[in-house]
Amino acid sequence: MKLRIAHMYPDLLDLYSDRGNVIVLQKRAQWRGLDVTVDKITLGEMPELKDYDLIVMGGGMDREQIILAEDLGRRRDQLDDAIQSGTVILGICAGYQMLGHYYQTHTGTRVPGLELIDIITIGDNNRVVGNVVCEMEIEGEKTLLIGYENRSGRTELGPQAEPLARVLRSVAYTQKDNALEGVRQGNIFGTYLHGPLLAKSPDFADYLLRLALRRHDAERLLTPLDNSLEGRTQQKLVRKWVGA
Ligand code: GLN
């Protein structure tokens, strides 16, 4: 069995080392002895998306979002088929916003989204910038989600979408709507956390891998790894940003 990862628009959507998330997924799979391929897909390249087990889209500025909106729109049916077949999608910041109904920039330009998840995002003149520590639950177990945000968009979740995590501490924590972070709708995950997020949130990385392996009925291949280094880093960041 081969685990296939697609990295969408790596040339346009790669703020704050979002590419690192793809590397973390690849490495954590390889450390389990899994055969992994990573394909980069950008404007005009149209491989069959349901052939992928995991699709990752990073963050970008408004300018990039406007550039890729049309190209992304052409992939909507393929992405929908992929999701129906169990493909797992992770969207970060711009990648997250583009999965929803639309993203309206702070200057009022409305960029159409894929309408795959029930969210809308409106840009604000005040940016939210800083480190964030969140808590999320994965199959009944609490774990940390740690990253960095820099965005103007404020996202509202509709009834079909559920929040991904609860904010314990955001350096830019000023708005009530920041109390909840990200989204989950089926196998689609969205978050504002860059960093790369998955290097600091190994349980979430493994959860994405587990869901991707579920597609092949091969979850058993996700054998345990030693996360003590990641755990120590998390504790250091929690002490620094949240307090003792
Ligand atoms: N352009 C979007 C915003 O500012 C996304 C930014 C990002 O990906 N960091 O909200």
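Quick look at the values:
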| quantity | calculated |
| --- | --- |
| Cα gyration tensor of region 148-244 - equivalent ellipsoid semi-axes, whole Å, descending | 25, 21, 9 |
| Given 13 as the ceiling on other Cβ atoms within 10 Å, longest exposed-site-free region of the chain for GluC sites (Glu not before Pro) in DSSP loops | 140-244 |
| Gain on full stretching of the segment that runs from Val171 to Glu137 - 0.36 nm per residue minus C-alpha separation | 10.1 nm |
| Per-residue Cβ neighbour rank within 10 angstrom, fewest leading, Met8, Met1, Met61 | Met1, Met61, Met8 |
| Volume in Å³ per residue [convex hull over Cα atoms, computed for the chain] | 114 |
| Which listed pairs, of Lys40/Lys236; Lys142/Lys240; Lys2/Lys40; Lys50/Lys142; Lys2/Lys27; Lys27/Lys240, have C-alpha distances above 25 Å, in listed order | Lys40/Lys236; Lys50/Lys142; Lys27/Lys240 |
| Net charge over other residues, Cβ less than 13 angstrom from the Cβ of Gly33 (K, R count +1; D, E count -1) | +4 |
| Kirkwood Rh in Å, taken over region 58-152 so that all alpha-carbon pairs contribute | 14.6 |
| Point-charge dipole on Cβ atoms (K/R +1, D/E -1) for region 85-244, about Cα centre, debye to 20 | 520 |
| Region 160-241: chymotrypsin sites (Phe, Trp or Tyr not before Pro) falling in loop per DSSP and having at most 16 other Cβ within 10 Å | Tyr173 |
| Amide H contacts of Ala161 (H built 1.01 Å from N, under 5 Å, at least 5 apart or other chain) | Asp118 |
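No lab work stands behind these numbers, since they all come straight from the coordinates. What you see is a predicted model, and the numbers here were worked out from it, not measured in a lab. Note that we place each Cβ from the backbone using ideal geometry, even for glycine, and neighbour counts take in every protein chain shown.
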